[in-house]
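Values quoted throughout were computed directly from the atomic coordinates according to the rules given, and no laboratory measurement underlies them. All values derive from a computational prediction rather than experimental measurement. Here the Cβ positions follow ideal geometry from the backbone for every residue, glycine too, while neighbour counts run over all protein chains shown.
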Amino acid sequence: MNDVVELREVTESDVLAFFEHQRDPESTWMAAFTAEDPTDRVAFLLKWTRILTDNTSVARTVLFNGYVVGHVLAFVEFGAPEVSYWIDPRYWGMGLASAALSRFLDEVLTRPLYARAVKDNYGSLRVLEKCGFLVVGEDQGFAEGRGEEVEEYILRLD
């Protein structure tokens, strides 16, 4: 799968595609910790403006056969470097998240690097595991994408 998955710098049109990905209800449920209103385009664009102008963040667009299918990013959360990603659900189950995250980790060499996933997001947990992350803790918090408190795993890559 790595031969057809590419990463590139994020462009303005990519962010518009990311917004469409975020609006998918199943994706929002699985990610859990999302925007309060995933249909609020202005809030989404402001969030991405902050991400792209923050010199402590690294964001990349995920391309599959030349099409924008998601993004991967590293940022500081709770005082520690963390990674996150989002793949258009039409492309789930194809190994794209694993391939994209693996390539991203070749570029972003910060270690330790953390990730978080809701305990029932088995797909994301598997992606992180395949990329070398190990569960090091647990947390819980209110997840806008579900409208309720959820439990999550904290994972670390050394």
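Some points to look at:
- In Hz, Karplus ³J(HN,Hα) per residue of the range 16-25 (6.51, -1.76, 1.60; θ = phi - 60°; x = Gly, Pro): 5, 5, 4, 4, 5, 4, 5, 6, 5, x
- Simple spin-label estimate for Trp29 and Glu129 in nanometres, 7 Å along Cα-Cβ: 2.2
- Top positive-direction residue, dipole computed over the chain with Cβ charges, set Val127, Leu45, Gln140: Val127
- Note on Ser13, Ser102: ascending count of other Cβ atoms within 10 Å places them as Ser13, Ser102, the fewest first.
- Around the amide H of Ala143, modelled in the peptide plane, lie the amide H atoms of Glu148, Glu149, Val150, all under 5 Å away and 5 or more residues distant in sequence or on another chain.
- Farthest toward the positive end of the dipole of the range 5-157, out of Leu63, Gln22, Phe78, is the Cα of Leu63, where the dipole comes from beta carbon charges about the Cα centre.
- Calculated log₁₀ intensity ratio I(q)/I(0) where the Debye formula runs over C-alpha points of the range 39-82, q = 0.16, 0.20, 0.34 Å⁻¹: -0.53, -0.77, -1.08
- Only beta bridges with both residues in the chain are counted; by DSSP, about 95 percent of them are antiparallel.
- Volume per residue of the convex hull around the Cα atoms, evaluated for the chain, comes out as 106 Å³.
- Relative contact order [Cα under 8 Å, 6+ residues apart], the range 5-157, whole percent: 24
- Residue-span extension gain [Asn65 to Asp40] - 0.36 nm each, minus C-alpha spacing: 6.1 nm
- Point-charge dipole on Cβ atoms (K/R +1, D/E -1) for the range 1-57, about Cα centre, debye to 20: 180
- Debye, to nearest 20: dipole size of the range 5-157, +1 on Lys, Arg Cβ, -1 on Asp, Glu Cβ: 500
- Dimensionless Rg/Rh of the range 19-104 - Kirkwood Rh, Rg from C-alpha atoms: 0.94
- Once divided by 2.2 N^0.38 Å, the Cα radius of gyration of the range 56-149 becomes 1.08.
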